[in-house]
Amino acid sequence: MAEGRFDNPIVAALAGFLDLFRKQGLSDRLKDSDRIDGKTCLITGANSGLGFAIAVDLAKRGSHVIMACRRQIPEAGEKVKALSGSDKVEMMYLDLSKIDTIHDFCDTLKANKRIIDICILNAGVALPKSRKTNSGLEELFLVNYLSNVIMTSRLLKDGTIPNDTLNNNKQNKESRILFISSDSHQGSSYVDYDEFGKYLEYGVSKGMEYYSYYKLVANTYFTELSRRLNSKNNIDVAVHVICPGPVNTNIVKEAPWLLRKMLRGIFFVIFKSPESAAKAVVYMSISEDYAGITNEYLHMFNMKKMDPKVYEVDEGIKLWKETHKLWKQVDPDFVSLSVVD
Ligand SMILES: NC(=O)c1ccc[n+]([C@@H]2O[C@H](COP(=O)([O-])OP(=O)(O)OC[C@H]3O[C@@H](n4cnc5c(N)ncnc54)[C@H](OP(=O)(O)O)[C@@H]3O)[C@@H](O)[C@H]2O)c1
């Protein structure tokens with residue numbers, strides 16, 4: 001059975017708090033004057049919390065920002081415009097618990113010949129109990145893992161994220177994909193293929209474990225994607241992973257009432273603001289320090305390694321195959337990625 005590092009949200013929150021005392025080695029590498037005029041950034045789940053703060057910061061730095069969200073359209077975008085002073089902000093509908101909306105979203109970008117320079121896979125949920133989606137998959141699994149696979153695969157195959165491996169349209173552009181993970185993935189179990197993609201009932205404790213575990217699963221997948229897209233001497237599309245550290249956001253909005261009140265109190269008093277947490281994500285998204293390299297991991301502003309399991313090549317290959325097998329089963333619009341198979 002798959003196991004995550006934490007089964008208690010209060011313990012997880014307090015562990016996150018201790019992380020705030022770790023040295024932030026790279027925090028002076030991002031300057032307010034750093035700009036990315038002319039670049040287009042896509043951020044999923046940008047109507048709230050960390051994603052919203054990333055959107056404001058990147059818009060202030062001159063980029064065109066696409067906020068991919070399932071609600072608060074257009075209000076959240078209007079707020080980002082007001083806070084950043086930029087009008088290069090747009091919102092598009094995307095619900096990662098509904099696979100067809102991912103295809104619609106990607107179709108629209110493709111039809112409009114949009115090019116994404118920086119793709120930030122930020123959207124995520126923490127659920128107090130299992131929930132079945134239209135596809136039959138459990139929501140935490142789909143939103144926090146498989147939908148990120150589907151979306152990046154489509155964006156690469158369509159050339160919306162320019163690349164030579166799948167589309168031959170890179171033309172000197174070096175795009176970056178950033179997956180927003182959690183350091184709580186460290187210590188989660190190996191991927192359990194007996195239960196991979198199966199609908200499993202869970203409550204708060206196991207839900208917390210699955211949250212950390214699916215972050216490990218996603219980190220393993222994006223490490224494998226990085227291997228398939230890039231070689232030592234040739235970076236086609238950089239793929240990085242980052243944990244923003246403990247952030248005072250809406251991530252616990254679905255927790256039971258008492259637990260939610262307690263967690264919100266802890267978050268409010270001791271966690272970082274989204275604006276402050278967004279800085280490390282912005283740094284990794286735009287800094288020249290990350291030009292020409294791939295598969296790096298940042299824990300806030302600390303360079304770190306992910307859980308060792310994430311880097312095991314056999315694990316990556318098996319996960320890649322099983323993920324595409326599952327995707328094909330649940331999605332009539334499955335996109336074959338045979339070029340990187
Ligand atoms: N907060 C922390 O301490 C912390 C620590 C480590 C990592 N993270 C990660 O940071 C990321 C952002 O979370 P947050 O803390 O900023 O929480 P948040 O305020 O709840 O933001 C999560 C975002 O994801 C969106 N989302 C959820 N389900 C979605 C779906 N089906 N389709 C499209 N969008 C969906 C939410 O949209 P709605 O508003 O519509 O729900 C919201 O915009 C997550 O990946 C989380 O795992 C957070």
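Just so you know, all these numbers are worked out from the coordinates, no wet-lab data involved. Worth saying up front: this structure is predicted, and the values here are computed from it rather than measured. In this analysis, Cβ positions are derived from the backbone assuming ideal geometry, glycine residues included, and neighbour counts consider all displayed protein chains.
Annotations
- Estimated at 0.36 nm per residue, the fully extended path between TYR202 and VAL269 surpasses their Cα-Cα distance by 21.2 nm.
- For region 1-152, the number of Lys pairs with C-alpha atoms closer than 25 Å, counting only pairs eight or more positions apart or on separate chains, is 25.
- Radius of gyration (Cα atoms) of the chain, expressed as a multiple of 2.2 N^0.38 Å: 0.92.
- Compactness relative to 2.2 N^0.38 Å, alpha carbon Rg of region 135-288: 1.18
- Counted by neighbouring Cβ atoms within 10 Å, the residues PHE301, PHE52, PHE268, PHE141 run from fewest to most as PHE268, PHE301, PHE141, PHE52.
- Net length gained if the chain between MET262 and SER231 were fully extended (0.36 nm per residue, minus Cα distance): 6.5 nm
- Between ASN8 and ASP87, the modelled labels are 5.4 nm apart [label points 7 Å from Cα along Cα→Cβ].
- For region 244-261, 3J(HN,Hα) computed residue by residue from phi via the Karplus equation (6.51, -1.76, 1.60; θ = phi - 60°) reads x, x, x, 10, 7, 10, 8, 4, 9, 4, 9, 5, x, 3, 5, 4, 4, 4 Hz, glycine and proline entered as x.
- Helix-only mean residue ellipticity at 222 nm for the chain, each DSSP H run of n ≥ 4 adding -39500 (n - 2.57), per residue, nearest 500: -12000 deg cm²/dmol
- A full extension of the chain between ILE317 and ALA111 corresponds to an added length of 70.9 nm, given 0.36 nm per residue minus the alpha carbon distance.
- The orientation-averaged projection of the convex hull spanning the C-alpha atoms of region 246-326 amounts to 8.2 square nanometres.
- Distant-in-sequence amide contacts of LEU298, defined by a placed amide H-H separation under 5 Å and a gap of 5 or more residues or a different chain, comprise VAL241, ILE242, CYS243.
- Mean Cβ count within 10 Å, highest first, over the residues of peptides 142-148, 316-322, 88-94: 142-148, 88-94, 316-322
- Treating r as the C-beta distance of GLN72 and ASP34 and R0 as 30 Å, the FRET efficiency rounds to 0.60.
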